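The values are calculated or read from the model by the stated rules, or taken from the named source; none is laboratory data. Predicted, not measured: the structure shown is a model, and the values here were computed from it. Please note: Cβ atoms are built from the backbone with ideal geometry, for glycine as well, and neighbour counts cover all protein chains shown. Remember, those area values only see protein heavy atoms, side chains included, never the ligands or the DNA or RNA. Shrake-Rupley method; radii C 1.70, N 1.55, O 1.52, S 1.80 Å.
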Amino acid sequence: MWGLEMGKTDATHLARISNCLQTILELEPELERIDLGKSLLEEFSVLKEFLQRIDTVSLSEDDVARVESATSNFLDELRIPLGQLRPERFTSQRMQ
């Protein structure tokens, strides 16, 4: 039973981390259109590579919570610059 519960926890952690990374990667087209985004886009290859091998990484709840918090902060920082490109997407609702 212990192994089964750990498997569920690991799967949940992987899903949560993957969701964060996918959310960030989905912003790539918008980031290409702003000056700030050009430097960020260089890091996208690292994110994409990590996402491809994420299932080999052991994650704790604290790790996942930190990534979720960092993702939220990142999206908040981008809200204004990206909101100028597509106000209906980035200012009226919380990005997820």
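General remarks:
- Here region 10-33 is the region considered, the condition is being of a type in the set (D, E, K, R) and part of a helix (DSSP H, G or I), and the residue that is nearest to Pro81 (Cα to Cα) is Glu30.
- Subset of region 38-77 [closer than 17 Å to Thr12 by Cβ and aliphatic (A, V, I, L, M)]: Leu51, Ile54, Val57, Leu59, Val64, Ala65, Val67
- Filtering region 20-44 to residues that are under 13 Å from the mean Cα position of the chain (by Cα), exposed (fewer than 15 other Cβ atoms within 10 Å of the Cβ) and either at pLDDT 85 or above or among the small types (Gly, Ala, Ser) (or both) leaves Gln22, Leu25, Glu26, Glu28.
- A search for C-beta distances below 6 Å between a residue of region 51-78 that is closer than 23 Å to Arg33 by Cα and open to solvent by 60 Å² or more (accessible area, probe 1.4 Å) and any residue that is polar (S, T, N, Q) and outside any loop (DSSP other than H, G, I, E, B), counting only pairs 6+ apart in sequence or on different chains, returns nothing.
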